[in-house]
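What follows is a short report on a single structure.
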Amino acid sequence: MIIDGKKIAAEFRERLKERATSLKRRGIEPSIALINAGNDPASAIYVSNKQKLAAEIGIASTVYKFDDDVKGNELANLIKKLNADKNVHAILLQSPLPKNLRFSEFVNLIDPNKDVDGLTLVNQGKLFAGEPNVIPCTPFGVLHLLQTVREDISGAYAVVLGRSLIVGRPLAQLLLNNNCTVAIAHSRSKNVPEICKTADILIAAVGKPRLVGKEFVKPGAIVIDVGINRILGSKKIVGDVNFDEVREVAGAITPVPGGVGPMTVAYLMSNALDLAYRHAGI
Ligand code: NAP
């Protein structure tokens with residue numbers, strides 16, 4: 001079974017449009033601030049896509065663009081201003097920042113109740129404590145996809161390949177909060193294929209093109225591929241999973257593109273709406 005992230009995200013976006021309309025009927029204009037500091041070409045595309053999706057759903061968005069030579073205090077002042085602005089419900093700081101600025105330092109200036117990607121230490125800590133405030137978008141999207149295949153994942157053995165702050169760690173925590181038994185494998189793990197092969201649910205978030213072959217996968221397992229890797233010298237995007245090989249063994253699998261990617265941006269908007277509702281006390 002191929003898990004069609006594009007279709008599932010399209011259905012989800014329809015629900016988001018209704019939620020945005022309902023807020024507007026109550027006189028509240030949901031809004032997101034998108035901060036793009038630096039001249040990373042991929043970031044420019046991501047931010048523009050987020051802006052388009054916000055418009056489609058009915059969320060007002062403003063992009064704050066800085067060049068590579070932006071000063072730390074300029075960025076900090078903007079974040080403080082947006083924190084104080086009652087008309088801004090959600091703030092996204094696009095990663096990566098220019099080399100001289102530490103992402104963790106600036107993301108943690110965002111008010112946790114406007115931290116749309118759930119990346120502040122406060123929100124990471126709340127997820128860790130099992131009392132989530134804002135759940136990071138990619139893990140939230142992955143959970144949604146999983147639940148389209150297996151509504152109750154309680155008791156499933158899940159292996160998360162990768163331990164980044166944006167994907168691997170919060171995803172493992174989210175699965176634990178949903179009563180999975182969870183293991184995390186990373187670049188220093190030994191016998192990675194063997195660890196992965198025990199999983200009922202295998203999630204790859206490593207950033208290594210087609211690393212996960214069929215020897216990593218238990219027959220019938222659900223395989224979610226978070227990876228987005230551009231093949232050098234071509235426009236082709238591939239995941240961390242060798243799709244053609246693994247689909248022969250897996251019970252269900254997400255493609256790349258058209259799997260997790262569309263869910264991530266949809267959940268960014270969903271989180272923005274949640275924050276706007278909460279801000280309005282609804
Ligand atoms: P990251 O920060 O580079 O983290 C990669 C993780 O994979 C690290 O924990 C690393 O281990 C581990 N790793 C690397 N090589 C490994 C190997 N051979 N065996 C086992 N583990 C290995 O990347 P990320 O931000 O989590 O992103 C991962 C991938 O997902 C990338 O392709 C990225 O583009 C994609 N992504 C997609 C979406 C989406 O919406 N679909 C969103 C975010 C990211 P160490 O910790 O030991 O270094």
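The values are calculated or read from the model by the stated rules, or taken from the named source; none is laboratory data. Note that the coordinates shown come from a computational prediction; the quantities given were computed from them, not determined experimentally. Neighbour counts run over all protein chains shown; Cβ positions are idealised from the backbone, glycine included. Areas reflect the complete protein model, heavy atoms only, side chains present, ligands, DNA and RNA absent. Shrake-Rupley method; radii C 1.70, N 1.55, O 1.52, S 1.80 Å.
The table below lists the values:
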| quantity | calculated |
| --- | --- |
| Environment charge at PRO193 (Cβ cut-off 12 Å; Lys +1, Arg +1, Asp -1, Glu -1) | +2 |
| Equivalent ellipsoid, the chain (semi-axes from 5 times Cα gyration tensor eigenvalues, Å) | 32, 21, 18 |
| Length gained when the stretch LYS17-THR181 is fully extended (0.36 nm per residue, less Cα-Cα span) | 55.6 nm |
| Between the range 252-282 and the range 199-232, the alpha-carbon center distance in angstrom | 22 |
| Rounded accessible area per residue of the chain, 1.4 Å, Å² | 48 |
| Dipole of the range 94-233, positive end: most advanced residue of VAL159, HIS186, THR148 [Cβ charges, Cα centre] | HIS186 |
| Calculated [θ] (222 nm, deg cm²/dmol) that DSSP helices of n ≥ 4 give over the chain, each run adding -39,500 (n - 2.57) | -13000 deg cm²/dmol |
| Accessible surface of the chain [probe 1.4 Å, protein heavy atoms]: carbon and sulfur percent | 52 |
| Whole-percent pair-distance distribution, where bins are 10 Å wide, for the alpha carbons of the range 12-133 | 13, 40, 36, 11, 0 |
| Cα gyration tensor, the range 67-157 - rounded (a/c under 1.5), prolate or oblate | prolate |
| Highest average packing first - 229-237, 166-174, Cβ atoms within 10 Å | 166-174, 229-237 |
| Sites GLU74 and ALA129, calculated FRET efficiency, Cβ-Cβ separation with R0 45 Å, nearest 0.05 | 0.85 |
| Bins of 5 Å from zero: percent of alpha-carbon pairs in the range 235-282 | 5, 17, 18, 15, 11, 10, 9, 8, 5, 2 |
| Net charge over other residues, Cβ less than 12 angstrom from the Cβ of VAL265 (K, R count +1; D, E count -1) | +2 |
| Using alpha-carbon coordinates, inclination of helix 5-25 to the longest axis of the chain, degrees | 20 |
| Percent RCO, i.e. relative contact order, over the chain, from Cα pairs under 8 Å lying at least 6 residues apart | 21 |
| Farthest toward positive dipole pole in the range 13-143 [+1 Lys/Arg, -1 Asp/Glu at C-beta], among VAL88, GLY118, LEU16 | LEU16 |
| The range 114-264: relative contact order as a whole-number percent, Cα under 8 Å and 6+ apart | 20 |
| Relative compactness, the range 143-241, computed as alpha-carbon Rg over 2.2 N^0.38 Å | 1.04 |
